[in-house]
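Below: one structure, written as structure tokens.
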Amino acid sequence: MRGWLKALCAALCLSGAAGSGVQAQGHFSGLARADARGSSLHVDEGVAFFNLALSQPVPWRIRYLADPPRLIADFREVDFRALDFATLLQGPGLSGFGPLRGGPVADGWSRLVLALDRPRLAQLAELKTGQGDGTRALLRLELAEADEDAFRLEAARRDPPGWALPVPADLATPRAPRGSGPLVIMLDPGHGGLDPGAENGGQSEAALMLTFARELKEALLRDGFSNVRLTRERDVFVPLETRIALAHAAGADVFISLHADAVTEGVAKGATIYTMAAEASDAASAALAERHDRDALMSGVDLKGQDDLIAGVLMDMARVETAPRAEKLSEDLLRAMAEAGIALHRIPRRSAAFSVLKAPDIPSVLIELGYLSSAGDLKRLNDPLWRAGMAQAIVSGLHSWSVRDAAEGALLRQ
Ligand SMILES: [Zn+2]
């Protein structure tokens, strides 16, 4: 248990400093780097040994997630690029382990996620400094098999203050009444950081969506009727709930999540717009929703148990007004895309239980610009002219929606 106490101490002892540090957005000048040499993972006599060599000591902590059992290691801040996760997983006795992923999760934070073969808890967890071999710090973890209940107890432990992922400080920016002031639009480039999203031909959905979101932002600003914010400005992992929290913090009137997923079965091409549904409208939508949420789960953010009963009732009440507004937004966007001659999916208007569309009070849509699994779509997504046309169609769809929505809002207030 000594190691476990040490791990907890690492969390608690650092939480004071981290609490204020979370808000400070400045970067460390010398970013710690993980070193492939000196890093290893293997199982010996039932115990998993994980060594992570770092160029300098950093604040760190470990915790666990259940269903499936995972080890989460958070650092401030580590560049994992020198590590080859696939190679690490080839160590002795590691069948049943994996995937292992790592990357930035928020400004100044990095995370490793290791899917465990079974419930395991650290019997030793320490960061040794001043190694003589050129490695400046070595994180040593010994993960012993644990029984299910003990593991679940650890996994249920709450984050110490300061260690939860950064939450926008001001969650209470009031929104202007519908139709007054510029429309505040939150664009949400899907995926990012340790979650690349769909991949094909060396390209990732995360990177393509960031490019498109930036271009769409420019197009919207040129049009001049809106203020535009992005949920992420770089290749960083942002949990789904944080994306919604950012929209609230910005006082967003509209939330638009941008994706271009891949399908493994059948042929899918063209643009699709999703709105929120309690249940997915068909099997394909259900699979997509599940995949999006699983990405978030895999990255160490558990979506379960977020809404208690009362919050649920309040959110349902808000959705009664918001849901039809989102439907109209989806309609106006699709009409504008069709008018611009943009290829739409065979069934372009769908609904699914995407967590990212869960804001009860902000009309939210998820646009699948196309499918990375389609060669034609992939080519279009890489074509600046096509992207400009798509961006312009979204601008014009949003524009007509905002006029219609403001008029309807004014009617409601009378
Ligand atoms: Zn996606």
Selection from the range 197-215 of residues assigned to a loop (DSSP other than H, G, I, E, B) and near the ligand (Cβ under 10 Å from one of its atoms) yields 197, 198
Here are some residues: 334, 366. Which one is outside any loop (DSSP other than H, G, I, E, B) and touching a Pro at 6+ places or on another chain (Cβ under 7 Å)? 334
With (1) surrounded by fewer than 20 Cβ atoms within 10 Å (Cβ to Cβ); (2) part of a strand (DSSP E or B) as the list, and residue 61 as the residue in question, which single condition is left unmet? (1)
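Residues are listed down the side, and each one gets a yes or a no for (1) surrounded by fewer than 17 Cβ atoms within 10 Å (Cβ to Cβ); (2) outside the structural domain of residue 146 (by TED's automatic domain parsing); (3) not in a strand (DSSP E or B):
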position	(1), (2), (3)
82	yes, no, yes
87	yes, no, yes
90	yes, no, yes
93	yes, no, yes
98	no, no, yes
104	no, no, no
112	no, no, no
117	no, no, yes
124	yes, no, no
Just to verify a result, which residue in the range 372-393, among those that are touching a Leu at 6+ places or on another chain (Cβ under 8 Å) and open to solvent by 10 Å² or more (accessible area, probe 1.4 Å), is nearest to the ligand (Cβ to nearest atom)? 378
Check on residue 358, free of Cβ contacts under 8 Å to residues at least 12 places away in the same chain, assigned by TED's automatic domain parsing to the domain that holds residue 339 and either open to solvent by 30 Å² or more (accessible area, probe 1.4 Å) or under 25 Å from the mean Cα position of the chain (by Cα) (or both): no
Just to check your reading of the model, which residue among 251, 202, 197 is more than 22 Å from residue 382 (Cα to Cα) and either open to solvent by 30 Å² or more (accessible area, probe 1.4 Å) or in the same structural domain as residue 399 (by TED's automatic domain parsing) (or both)? 251
Restricted to the range 5-36, and to residues that are open to solvent by 30 Å² or more (accessible area, probe 1.4 Å) and at pLDDT 90 or above, which residue is nearest to residue 95 (Cα to Cα)? 36
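The values are calculated or read from the model by the stated rules, or taken from the named source; none is laboratory data. What you see is a predicted model; the values in this text were computed from it and never measured. Neighbour counts are summed over all protein chains in view; Cβ atoms, including those assigned to glycine, are modelled from backbone coordinates with ideal geometry. Each accessible area value is taken on the protein alone, full model and side chains, heavy atoms only, with ligands, DNA and RNA left out. Shrake-Rupley method; radii C 1.70, N 1.55, O 1.52, S 1.80 Å.
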